[in-house]
Amino acid sequence: MAGGCAALPSDLAQSELFGHERDAFAGAGERRIGQIEVATGGTLFLDEIGYLGPELQINLLRFLEEKKIRRLGGAKPIPANVRVIAATNANIEQALREGRFREDLFYRLNVLHLRAPALRERRGDVELLARHFFNKFSAEVKTVAKGFDRDALEVINRYDWPGNVRELMNPMR
């Protein structure tokens, strides 16, 4: 989901993922196809899934188990063959313990668990990524700057980047 699951209120996220029929709610003037249906035959990336509300978790679990969706306001199930990749920065184990994330949904999604180490754990990537973002953004704004001097590289490599890649991107703009 573009912008991530945490970026949308629950009702809007339901509509974004599952779609809705015309007049399903106030302001639903026409049918809208949801992201799951659009991704049929392909892959859907759900960013920040650890922040999904309870109702959306139930509906997502139902979809994953049945491979069918229902648009909001819709009566008939719609088949949807979609590979789901989910990511989160949330502490899922804590969310499970606190009852904020469904255990059955966790186990349904956690088929293959990949942990991306923080930048502070992979120091060799920091300079590579900094150069990549610098080149990308400088090409967009057509700057005359050519790169980093030795002092700048030392600072870039010494910093821990607690915001990881997102934080590293910002000063390169």
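The values are calculated or read from the model by the stated rules, or taken from the named source; none is laboratory data. From a predicted model like this one, the values you see are computed outputs, not experimental measurements. Cβ coordinates were reconstructed from backbone atoms using ideal geometry, including for glycine residues, and neighbour counts include every protein chain displayed. We work out accessible area using only protein heavy atoms, side chains counted, and drop any ligands, DNA or RNA first. Shrake-Rupley method; radii C 1.70, N 1.55, O 1.52, S 1.80 Å.
Points worth noting:
- Spin-label proximity, D23 to segment 73-89 - amide N less than 19 Å from point 7 Å beyond Cα toward beta carbon: 73-76
- Residues L96 and L64, FRET efficiency given R0 of 25 Å [Cβ-Cβ distance, rounded to 0.05]: 0.90
- If only the Cβ of Lys and Arg carry +1 and only the Cβ of Asp and Glu carry -1, the dipole of the chain around its Cα centre is close to 420 debye.
- Percent accessible area from carbon and sulfur atoms, the chain, protein chains only, probe 1.4 Å: 51 percent
- Taking all protein chains together and rolling a 1.4 Å probe, D149 ends up with roughly 90 Å² accessible.
- Across the protein chains, with a 1.4 Å probe defining accessible surface, the residues E127, E30, E103 rank E30, E103, E127 from largest area downward.
- Cβ-based charge dipole, the chain, positive-most Cα from N59, F148, P79: P79
- Solvent-accessible heavy-atom area per residue, rounded to whole Å², over the chain at 1.4 Å: 65 Å²
- Calculated Rg/Rh (Cα atoms, Kirkwood Rh) (choose from [x] 0.93; [y] 0.96; [z] 1.09), label: [z]
- Förster radius 41 Å - calculated FRET efficiency between A87 and E30, Cβ distance, rounded to 0.05: 0.85
- Distance from the C-alpha centroid of segment 104-173 to that of segment 70-85: 36 Å, rounded to the whole angstrom.
- Simple label model, 7 Å out from Cα along Cβ direction - D125 to E140, nm: 2.1 nm
- For K76, solvent-accessible area (1.4 Å; no DNA, RNA or ligand), Å²: 150 Å²
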